[in-house]
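What follows is a single structure, written as structure tokens, with notes after it.
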Amino acid sequence: MAAEKIARIEALPLRYAEPNNNGKIRCVTLIRIETATGAVGWGEAITGSEDASLATKVIIDRGLAPKLIGRDPRQVEAIWTSFREATYWSGNGGIVTFALSAIDMALWDVTARLAGVPLYQLLGGKRRDRVLAASSVIFDTADLPGIGRYFADLRARGYQVLKGGWGHDLSIAFGKDARRDLEIVRTLRDAVGEDAGIVVDVAAGSNWTASHAITMARAFEPYRLYWLEDALPEGDIDGWQRLRAATATPLCTGEKGWLVQDFRRLVDSKALDVIMIDPGRAEGVTGTRKVIEMAAEARMAWNAHSWSSAINTAASLHLAAASSNVLLLELKPEPSPMQNDIVRDPIVMSEGSVAVRDGPGLGIEVDEAAVRRYLFD
Ligand SMILES: [Mg+2]
């Protein structure tokens, strides 16, 4: 094996208006790693806000990047372990984990590119050629007939599973009013027909108790949800177990988790049907893969929650291709700068699913000039 050394690392905080959330400003932090021979890998942290994006950049620039220069990028899991151990004081399980997640993803990308193989090949191989897609949207809860029309339109475009949640106006978001929540679920079922899957996602801050979650999950049963998402805080293991015992509605959580051990508690609870996870947050491809395997052993499915940039989506797609227990991959149904502008070959749904990428690395071609148009600092 010829020598390979990391020569350059750049952390890129990006800011953009998200068309799938009424143009609200969102942020991500990308990382570009280049070796001395010119191989390039990309990674993403789903940082969300400006402050978290800039903080992640500082942690990479001042803390982790200097430790990576000169190392062989193919030592991916050795680097993951050493960085995890080295950051115990500075916030392992927080912003530092964003930095580690992005670095790990970029190291997997460059390693697979150096080998000339798609990432799934390094994760055990391809178990499927396509992954079921879900359209994933934020509700306009002020316009119930509009929600019905939009979901009927998404169904007509080919989505077989359709997810909605939260609200453009958070004060009236899904989860905040029992009567409206039930009306929304009824509207969705009417709009998409009997054969489509429906997912609803309770907004953070809705403060459901286990008792209220049980009442709502039972009320939703006639509408046969594909799953009910984030009905309770992730840490309320006792509440999840009470909810599980009281309803047939499938249950899902996980998007707020950081560390493999956070997910261990969720898997061990045996209260969930689906674990959702992002490599751009949950300790990279390395950490996410551990969680997926843990879930598979517990006969639990996982959902590629990806609602960020095409880089996190591509990494999720490779993890989905290589795993036995993936349920689906979420997509923003309307073109978005981070999904459609920063890569030359966007990941899109056709006939209800997404094709696995067979090109080297993450299998996407990043448009660097487009990336730099969204830079802020
Ligand atoms: Mg959610």
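Here are the numbers for the structure shown:
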| item | result |
| --- | --- |
| Spin-label pair Arg128/Arg265, simplified geometry with 7 Å Cα→Cβ offset, distance in nm | 3.0 |
| Where only alpha carbons of the range 121-360 are counted, the Rg and the Dmax (Å) | 17.1, 50 |
| Cα centroid of the range 173-219 to Cα centroid of the range 222-269, whole Å | 15 |
| Relative counts (whole %) of C-alpha pair distances in the range 130-172, using bins that are 5 Å wide | 6, 24, 28, 22, 12, 6, 3, 0 |
| Non-local Lys pairs in the range 121-360, i.e. 8 or more apart or on different chains, that have alpha carbons under 21 Å apart | 9 |
| Separation in nanometres of the label points that stand 7 Å from Cα toward Cβ, at Asp51 and Lys5 | 4.0 |
| In degrees, nearest ten, helix 260-269 long axis to first principal axis of the chain (Cα) | 30 |
| Charge dipole of the chain about the Cα centre (unit charges at C-beta), most positive-ward option of Ala321, Gly167, His212 | Ala321 |
| Rough spin-label spacing in nm, given labels placed 7 Å along Cα→Cβ, for Arg149 and Ala248 | 3.5 |
| Degrees, to the nearest 10: 237-246 long Cα axis against longest axis of the chain | 40 |
| Rounded tilt (10° steps) of 95-115 against the dominant C-alpha axis of the chain | 60 |
| GNM top mover of Asp358, Asp109, Asp177 - the chain, alpha-carbon springs below 10 Å | Asp177 |
| MRE, 222 nm, helices only [DSSP H, n ≥ 4, -39500 (n - 2.57), over the chain, to nearest 500] | -11500 deg cm²/dmol |
| Förster-model FRET efficiency, 22 Å R0, Ser211 and Arg179, C-beta, rounded to 0.05 | 0.80 |
| Relative contact order computed over the range 121-360 (Cα-Cα under 8 Å; 6+ residues apart), in percent | 22 |
| Protection-proxy order for peptides 275-286, 218-229, 138-149, 23-34, each taking the mean of Cβ atoms within 10 Å per residue, highest first | 275-286, 23-34, 218-229, 138-149 |
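Just so you know, all these numbers are worked out from the coordinates, no wet-lab data involved. Bear in mind the structure is a predicted one, so any value in this text is a computation, not a measurement. Note that we place each Cβ from the backbone using ideal geometry, even for glycine, and neighbour counts take in every protein chain shown.
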